[in-house]
1. Taking +1 at the Cβ of each Lys and Arg and -1 at the Cβ of each Asp and Glu, which of A:Met86, A:Ala236, A:Val375 sits farthest along the dipole of chain A towards its positive end, judged by Cα position relative to the Cα centre?
2. Given a Förster distance of 41 angstrom, what is the FRET efficiency for A:Gln202 paired with A:Met358, based on the Cβ-Cβ distance and rounded to 0.05?
3. Tell me the relative contact order for chain A as a rounded percent, counting alpha carbon contacts under 8 Å between residues six or more apart.
4. Percent antiparallel among DSSP beta bridges with both residues in the protein assembly as shown, to the nearest 5?
5. Limiting things to C-alpha atoms, what are the Rg and the maximum Cα-Cα separation (Dmax) for segment A:8-238, in angstroms?
6. Let me know the mean shielding of B:2-14 by other chains, meaning the per-residue number of their Cβ atoms within 10 Å of its Cβ.
7. Compute the Kirkwood hydrodynamic radius of segment B:216-329, taking the inverse of the mean of 1/r over all pairs of distinct Cα atoms, and give it in Å to one decimal.
8. Which pairs break 28 Å Cα to Cα here: A:Lys334/A:Lys380; A:Lys138/B:Lys209; A:Lys15/A:Lys147?
Amino acid sequence: MAADIPVLRLEHITKRFGDVVANDDISLDVRQGEILALLGENGSGKTTLMNMISGIYYPDEGTIFAKGKQVEIASPRDAFALGIGMIYQHFKLVDVLTAAENIVLGLDDGRKLDLKKSARHIKEICLKYGFDIDPEKKIYDMSVSEKQTVEIVKVLYRGADLLILDEPTAVLTPQETDRLFNVLRNMKSDGKSVIIITHKLQEVLSISDRVAILRKGRYICDMDTKSANAQELTDAMVGRSVKLNIERPVPVNPKRRIVVKDLTVQGEEGVEKLKGVSFELRSGEILGVAGIAGNGQRELLEAIAGLQPVHSGEIKYVEDDGSEEELVGKDPLKIMEMGVSLAFVPEDRLGMGLVANMDLTDNMMLRSFRSGKSVFADRKQPHNLAEDVVDKLEVNTPSVSTIVRKLSGGNVQKVLVGREIAMAPTVLLTAYAVRGLDINSSYTIYDLINRQKKAGVAILYVGEDLDVLLELCDRILVLCGGQVSGIVDGRTTSKQEVGTLMTNLGGGIYAK
Amino acid sequence: MLDFFIRFIPRAVGQGIPLMFGSVGETLTEKSGNLNLGTAGIMYVGGICGVIGAFLYETGTETMNPFLGIAIPLFCCLLGSLLMGLLYCFLTVSLRANQNVTGLAMTTFGVGFGNFFGGSLIKLSGADVPSIALSKSSGFFAAKLPFAERLGWFGKIFLSYSFLAYAAIVIALAASYVINKTRVGLNLRAVGESPATADAAGIDVIRYKYAATCIGAMISGLGGLYYVFDYASGVWSNDAFGDRGWLAIALVIFTIWEPIHSIWASIAFGGLYILHMFIPAGTNLAIKEIYQMAPFLATIFMLILTSIHNKKENQPPASLGLSYFREDR
């Protein structure tokens, strides 16, 4: 095949959902043996575009060419036949089946199902590109990174030579990300093409050969990664110049606010989710919490907020005058009234904190409906608060009576964080506040958090992106298997150090 | 003691076979993610359709051909159940109606349908009791292995049943094999667990849901046919089928969605269901209701047990009861 024929060419692709134009007249080439990064803000239509290539959606207008020939991709099966495989952001795997069963799912070679033979083939693929998976292992026993490996092997098993990865690194540790990138480089040298969607500019710059940028459903430009820099990419993506530095003011007059001692929390069946956790949270500082997802972050925040039964240990709230009060065993409502506010953004964003089918005003009321003496709830104040949040945080919504489910992810998060901040808390607990948000919205949230910090609020910030934790936090507490693996100074530590602490308790044998 | 078993086991089996058909059919259906609470109605429709076919053939001909005597009711039963299955699929899969509401409505409909035609046939036959007896057809269905009688207790316990009873066991074994060992079964399980995953893997979700539900409905329908022509000796009377449909659905949970377990479990349920007939004479008969509760208590116990153990494999298909639409966001 001539090298100059693109493996995939999109011409004038348009896709509408009702009145919303998700993709507007997009043309794009993917060359053989290249890694193409697709960059864009939330809602810029990256995933929609990729879904059309993989057969989940069907374009309203435009044509697709594969290896020079015009093709119709009406279903995922058609995409497989063309050698296109997509690894979705939310894994498409069946939990109760084994890796091998998931990989052969939907395939039919006309012969009897032979999982042993498939397992051998899977091992060959793993060997070739440098993965490691156990074909007999059930998906529900796997870590996130193992699941992702299964997804990748699944498309390779189908003979894909164009792989699309939708935000593959969002759930990985730095080490796992490095391993993934090595695999991608192996694929590239094997002549396969890769499209990768990511929000993280450092990753774009380190892995890709070329970057294509989408903004509001339109194709903006593409550039060679070698000649691009982070500032240039962000500006093209947002459409105006954006400041890329996160402020980190030195904490003013920090005082102990929350003291946690030997905290142990048990989950179902007596599994210890947190084990002997001790730390101090001070006013006017941001304490970051790093750790691989599911290592006790959620339990930690919930224990402080009173939502999680504590097995042993103590959590003390320290008043300005130095008097201490025990939070363990207190009612969550009481803890909230003391000024401890929890803004937890779960994976599905709407799970905890906001009610998807209620409008902005009603969601504000969730915090205030108990106030006032009358039998009837006061709607006026929440309404004003909603308008205030919309105004100050530039929430993009038709009105405050729009139901929250209809807002885009970034706006939903602004509403949640805005409401918690409006409570004028003394302690703000946030988890994954920028999960899935694009750069612009993320910086708005960082800015909000920093303003609270300057006002003397003690902030516990659970985050996923290590680069951000390193730039934003004064100190970073690293959790590993529910234990404190280390508390490091955010100004002097390195990504490598935190990453090692995340995977090995106390840094393991690699420490120091 | 052996004497008791010789009397008890064949009756338990006779009682259990309709449940076996019903639960195997429903398990197959649920594996595709369709919670068909219409099974009770489908079994009812399967029964009455068989009765209609047999009635027309018995009254329409002088000399009955044994082959047609079986084939006609069998065909009518399968057709009636298939149509019920198709209706359920059309409503829940194509139109994405709520599965619980649709299923309950279909049970009400199926029972009403059965009672309406049952009542009409009783009128037509001019019987003076509120039932209709199709003894000739029943004779064909209930034919037993000729050498069973000669083998003593062994023959009575294991060989004294009609062909539909053995068919039920074969179907249960086959369903178990297909679900657990074949490509089709793997795909079907994926559809029931996560239709979006199955779809992305190139499986035609809609086709699998339709096929599994319709085949499941036909298997369930055979339970109604067996009940009328074998267990009840060809006598149809309205509402006699009772709560066996619900018992079949309870069995699906009891067998943790494994058709192979349905073979012993449905016979055990059948035994529990008729245990009250064997309580010593003189006991207050009101106690029989408590005996009839036994299968449901066993199901509740099983639910508690599987919830405590919380093993992923023993849970219902993850997307059971949910409808699927690819472009849903």
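1. Value computed over the given set: A:Met86.
2. Efficiency computed from Cβ-Cβ geometry: 0.60.
3. 14 percent
4. 55 percent
5. Looking at segment A:8-238, its Cα Rg and Dmax stand at 17.5, 55 Å.
6. Shielding by partners across B:2-14 averages 0.
7. About 16.6 Å for segment B:216-329.
8. Violating the 28 Å Cα-Cα cut-off are A:Lys15/A:Lys147.
The values are calculated or read from the model by the stated rules, or taken from the named source; none is laboratory data. Remember, predicted model here, so these are calculated numbers, not experimental data. As a convention, Cβ positions derive from the backbone with ideal geometry for all residues, glycine included, and neighbour counts pool all protein chains shown. Only protein heavy atoms, including side chains, enter the accessible area calculation; ligands, DNA and RNA are left aside. Shrake-Rupley method; radii C 1.70, N 1.55, O 1.52, S 1.80 Å.
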